[in-house]
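Readers should treat all values here as calculations from the given coordinates under stated rules, not as data from a laboratory. None of these values were measured; they are calculated from a predicted model. Here the Cβ is made from the backbone with ideal geometry for all residues, glycine too, and neighbour counts use every protein chain on show.
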Amino acid sequence: MRKKLQGSLSILLATILWGSTFVAQSVGMDHIGPFTFQAVRCGLGVLAMLPVIFLADRFKNDGKTFCARWKSKKLWTAGILCGIPLFLACNLQQMGIVDTDAGKSAFLTAMYIVIVPILGMFLKKKPSVMIPVSVALAVAGLYFLSFAGVPQISKGDLLLLACALMFAIQITVVDQYVQHVDALRLNLIQALVCTVLSSAVMLLTEAPTFSAILDCWLPLCYAGFLSMGAAYSLQIIGQKHLEPSAASLIMSLESVFAVLCGCLILQERLTTWETLGCVLMFIAVVLSQLPVKSKR
């Protein structure tokens, strides 16, 4: 139970960082394109994690050197398999936001809370009895929080649904490898994959300038160091102690924290529907964490 609580708190902190990053992404997109933003953001995340990993290694007593710990086929396989869906998810989200209302984009992106348990069934992982109830409440909460009053369908909706699928795949892949590889190194490799792939597409489709990147250095540093470097590391560490369905429900609070950060930073106000959505999502996450007695 203690480890489950630690995992929940770890992912909750990651979710707070992701929610606040929506503001940074919005400001950054005023200056540079989506692939440029992701390439620089992920590259900064890689640079931030290298000294952290070096310091963390000093507390290990397995006799291996800093370089020797990178020589793991399973580690690189996990990093690449996590990095590809993460690259697709982040950039699909950036492109989808352009053509979709911000509220609806948050709702559609968070649909991974429905997809993750479905993927788990294919991997013969049966969720606890409280997960379906929690998912239903969370979907209702997300609707009131993000979708109420936005009935129109835009062309970005399919991109955001595809984004949700990619996030669900990334969460599921992390669950498959998290017990067998170094969490910090796994995050660095997936960030490196995102950097390389985003940079390649950036060079083909965008024309970034150094001055434009400098104009949004603060949002990029926040998104790179805290969102990519710290938050995704916290996600991987937290998933060591949680089943993916429960982890995804906590992660769905990202939209709640995004709204709250909008209120605090951008002076936005919560509507009655948004308040109801926050309450429902909070109840859903609490229910997902309650212990369930197994039948003898």
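Here are some notes:
- Calculated FRET value between residue 50 and residue 272, using beta carbons and R₀ = 41 Å, to 0.05: 0.30
- Under the shape rule built on the C-alpha gyration tensor, where the axes satisfy a ≥ b ≥ c, the range 1-70 is oblate, since a/c reaches at least 1.5 while a/b does not exceed b/c.
- For the listed residue pairs 3/240; 71/240; 4/124, the alpha carbons are over 19 angstrom apart in 71/240; 4/124.
- Paramagnetic reach from residue 2 in the range 216-249 [backbone N under 11 Å; point 7 Å along Cα→Cβ]: none
- Label-to-label distance for residue 64 and residue 77 is 1.5 nm, based on points extended 7 Å past Cα in the beta-carbon direction.
- Extension gain for residue 279-residue 215 works out to 19.3 nm (0.36 nm per residue, less the C-alpha to C-alpha distance).
- Descending by average beta-carbon neighbour count within 10 Å, the peptides 202-208, 85-91 line up as 85-91, 202-208, the highest first.
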